[in-house]
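A.B. asks: My questions will all concern the structure given below.
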Amino acid sequence: MNDTASTARDSASTDPGGKPGRIGDVILRVENITMRFGGVKAISDVSFDIRKGEVRSIIGPNGAGKSSMLNVVNGFYQPQEGSIWYNGKTYSPMRPHDAASNGIARTFQNIALFKGMTTLDNIMTGRILKQKASLLEQAFYIGRGRSEELEHREFVEEVIDFLEIQAIRKTPVGRLPYGLQKRVELGRALAAQPTLLLLDEPMAGMNLEEKEDMSRFIIDVNEHFGTTIALIEHDMGVVMDLSDRVVVLDHGSLLADGTPDEVRKNQAVIDAYLGVAHD
Amino acid sequence: MFYREAGQFKTSYAADQQMLPIPMDRYFVIGVVLVAAILIPAFGSQYWIESIMVPVLILSIAAMGLNILTGYAGQLSLGTGGFMAAGAYMSYKVATNMPDFLPVWIPVLVGGLFAAAVGIAFGLPSLRIKGFYLAVATLAAQFFLLWLFQSIPWFVNNSVSGVPSAPPTTILGYHVTGAQAIPEAKYLFVLTFVVILAIIARNMARSRVGRSWMAIRDMDIAAELIGIRPLQTKLSAFAISSFYCGVAGALWSFCYINTVEPTAFDIGRSFDVLFMVIIGGLGSVLGAFLGAAFIFLLPIFLNNVPGWFGLEIATDIVAHLEFMIFGAAIIFFLIVEPHGLARLWQIAKEKLRLWPFPH
Ligand SMILES: Nc1ncnc2c1ncn2[C@@H]1O[C@H](COP(=O)(O)OP(=O)(O)O)[C@@H](O)[C@H]1O
Ligand SMILES: [Mg+2]
């Protein structure tokens, strides 16, 4: 997976104009975001955009502000300055509920599953915003209370099949090994059928085989469902393979922005990051 | 007839989503309900029905209620007694002032709804405070509510003693509440509520609302980020939990102690119900019943069993024994098995499903 050139993905989906055909217009713009924690500037005046259908990676050394950036995008952090333009609307700031109800889903660097619930129930929570049954319908399991459960269960089973986690359907996720938990968390995000999927180090701590599986899932999600993906990942091989464009952050500032090749050749990036972290 | 979990394959999601997906479990529950509804009133002794079955069933309702709040939604409450009192006092007020032709379950439901409203009011701080601090806030609710119902004579129709008798109400000519009612009638009245409320609790646990509660319990931040609204979800848990407690309080007054009095709903009651939930199992409807039976029956058991063997144990020793056993059981379940007796029951079933071949 390491450095097997970035071309496989690009060439497969590149039209004659040089622009990948599955990629559309800009759907999200991060505009001049500055985020401080007390005296610490986690993000300073960063702007970039994400196009529909692309895999957009955010890389940078530890503490560069990558996770904070995703947290700003889905409203978990509210930045001191700047705004998020998403799908025709400007949010300053974005709020968690706005993000969730407008099709932004995510996974977390430190898995944020509901530990006491089964795999099935965890993934079902991804459908919560699509369920409309009243409390009475749920209490008596009638009308939409019943039909929605069955309908969403069917969709969730598709997600379970897609991620190949049928065997752990009824297992409380707290008992699952780390790699499977990451997969279930991806399942919960996918269950929401997001327009924009934010993945914060989905492969951290995984072995090679698990990483390959996860890469395959990410490519499938992107290509078959057209889901736009913002990806934070440390494994440069993975990043160069999967990404259409890469943003490089360092100490909270934007260091570079471009295709994997451009970024790889960027001298500032080589000095600050790749030269050190990449063997 | 072997109990089997293995080999019970579901062919549709509808089958798998049933309240009790394993047929054996379904037959068992139906059997229990039939025994409870027919055999016990037909053959049970008056003492058993009136002094054991009725209170255990009513406490099970309260335990189901607290389990919704604490076991499913993860919000610790010490105000159970206060919410039960809210139900008892309001249903007394309604029962004594409504036209005679209205059925008796109406005041019980109104008592539950009033308790739900009270629960929402005292649940509001839960958005900001958690754990220990929330427990203290609900403790304040407990004391405030008991004080309130004692201080406002309106609730007891200005009764001089302040401790009025439960109103005698009838269904089809039979008294079902108050001192005149026969034990069997009270029992069946209570059992009806128990069955319906247990079904509702199970349904909620397997629906969106139940998953929202558990999500908030397990990780409120992640829950919020997938679109669950924390305040709404916590308040719904407070409301529904308090509804259950309110119904339990009303039934306790109307069908068990036959009076409406504050001492029945003091802080000791709150702790009792909390212990039922802990011992029975957090987040389990079955656990509410097991916990209620355990807590209520243990003292009776300790008082009687030595006598059957011709042993004399002084009552003060029995009282001490009781504390020691409760204490040990609570510590055991808190540390070793938070899912309580219900989980032990499940483990026993899992062992049984592979029996007689353990591998
Ligand atoms: N909730 C927070 N409170 C205080 N400081 C934070 C918080 N989140 C992030 N930071 C700080 O912001 C900086 C960037 O962190 P982070 O976004 O997690 O970096 P990365 O994901 O790139 O490793 C770090 O210095 C970190 O300590
Ligand atoms: Mg990070």
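The values are calculated or read from the model by the stated rules, or taken from the named source; none is laboratory data. Please read all numbers here as calculations on a predicted model, not as lab measurements. Please note: Cβ atoms are built from the backbone with ideal geometry, for glycine as well, and neighbour counts cover all protein chains shown.
A.B. asks: In region A:133-150, which residue that is more than 9 Å from chain B (Cβ to nearest Cβ) and either in a helix (DSSP H, G or I) or under 27 Å from the mean Cα position of the chain (by Cα) (or both) is surrounded by the most Cβ atoms within 10 Å (Cβ to Cβ)?
C.D. replies: Among those that are more than 9 Å from chain B (Cβ to nearest Cβ) and either in a helix (DSSP H, G or I) or under 27 Å from the mean Cα position of the chain (by Cα) (or both), it is A:ARG144.
A.B. asks: Would you mind telling me which numbered condition in (1) surrounded by fewer than 20 Cβ atoms within 10 Å (Cβ to Cβ); (2) within 16 Å of ligand 1 (Cβ to nearest atom); (3) within 19 Å of A:GLY21 (Cα to Cα) A:ALA230 fails?
C.D. replies: (1)
A.B. asks: Kindly list the number of the only condition in (1) at positive phi; (2) touching a helix residue (DSSP H, G or I) at 6+ places or on another chain (Cβ under 6 Å); (3) within 12 Å of ligand 1 (Cβ to nearest atom) that fails for A:ILE58.
C.D. replies: The single condition A:ILE58 does not satisfy is (1).
A.B. asks: I want to confirm something. Restricting to region A:77-93 and keeping residues that are within 17 Å of A:PRO194 (Cα to Cα) and not in a strand (DSSP E or B), which single residue is farthest from ligand 1 (Cβ to nearest atom)?
C.D. replies: A:GLY88
A.B. asks: Anything in region A:196-210 that is within 14 Å of chain B (Cβ to nearest Cβ) and more than 16 Å from ligand 1 (Cβ to nearest atom)? List them, or say none.
C.D. replies: A:LEU196, A:LEU197 - these are the residues of region A:196-210 that are within 14 Å of chain B (Cβ to nearest Cβ) and more than 16 Å from ligand 1 (Cβ to nearest atom).
A.B. asks: Give A:VAL40, A:VAL26 a once-over and let me know the one that is more than 26 Å from A:ASN222 (Cα to Cα), surrounded by fewer than 16 Cβ atoms within 10 Å (Cβ to Cβ) and among the aliphatic types (A, V, I, L, M).
C.D. replies: So the residue among A:VAL40, A:VAL26 that is more than 26 Å from A:ASN222 (Cα to Cα), surrounded by fewer than 16 Cβ atoms within 10 Å (Cβ to Cβ) and among the aliphatic types (A, V, I, L, M) is A:VAL40.
A.B. asks: Go through region B:265-274 residue by residue and tally those that are surrounded by 20 or more Cβ atoms within 10 Å (Cβ to Cβ) and not charged (D, E, K, R).
C.D. replies: 4
A.B. asks: Do the conditions hold for A:GLY174, that is, is it in a helix (DSSP H, G or I), surrounded by fewer than 18 Cβ atoms within 10 Å (Cβ to Cβ) and not assigned by TED's automatic domain parsing to the domain that holds A:LYS66?
C.D. replies: Spelling it out, A:GLY174 is indeed in a helix (DSSP H, G or I), surrounded by fewer than 18 Cβ atoms within 10 Å (Cβ to Cβ) and not assigned by TED's automatic domain parsing to the domain that holds A:LYS66.
A.B. asks: Which of the numbered conditions does A:ARG106 fail, given that it passes all the others? Conditions: (1) within 14 Å of ligand 1 (Cβ to nearest atom); (2) not in a strand (DSSP E or B).
C.D. replies: (2)
A.B. asks: Another question about this same structure. When the residues of region B:159-175 are filtered to those that are assigned to a strand (DSSP E or B) and of a type outside the set (A, V, I, L, M, F, W, C), which remaining residue is farthest from B:THR263 (Cα to Cα)?
C.D. replies: Looking at the filtered set, the residue picked out is B:TYR174.
A.B. asks: A follow-up question, please. Going through region A:44-69 one residue at a time, which ones are touching a Lys or Arg at 6+ places or on another chain (Cβ under 6 Å) and within 13 Å of ligand 2 (Cβ to nearest atom)?
C.D. replies: Matches in region A:44-69: A:ILE58, A:GLY60.
A.B. asks: I'd like the full set of residues that are more than 9 Å from ligand 2 (Cβ to nearest atom) and under 22 Å from A:PRO202 (Cα atoms), limited to region A:70-101.
C.D. replies: Passing the criteria: A:ASN71, A:VAL72, A:VAL73, A:ASN74, A:GLY75, A:PHE76, A:TYR77, A:PRO96, A:ALA99, A:ALA100.
A.B. asks: Just to check your reading of the model, which residue among B:TRP147, B:TRP154 is at pLDDT 90 or above, farther than 23 Å from B:ALA62 by Cβ and not in a loop (DSSP other than H, G, I, E, B)?
C.D. replies: B:TRP154
A.B. asks: I'd like to check which helices (runs of 4 or more DSSP H) are fully inside region A:178-277 and have at least 2 residues that are touching a residue at least 12 places away in the same chain (Cβ under 8 Å) and not assigned by TED's automatic domain parsing to the domain that holds A:TYR86.
C.D. replies: Those helices (runs of 4 or more DSSP H) span A:178-191.
A.B. asks: Please list, ordered by first then second residue, the pairs with beta carbon atoms under 6 Å, 6 or more apart or interchain, first in region A:53-65 and more than 16 Å from A:ASN222 (Cβ to Cβ) and within 14 Å of chain B (Cβ to nearest Cβ), second within 12 Å of ligand 1 (Cβ to nearest atom) and not charged (D, E, K, R).
C.D. replies: As it stands, the answer is none, since no pair meets every condition given.
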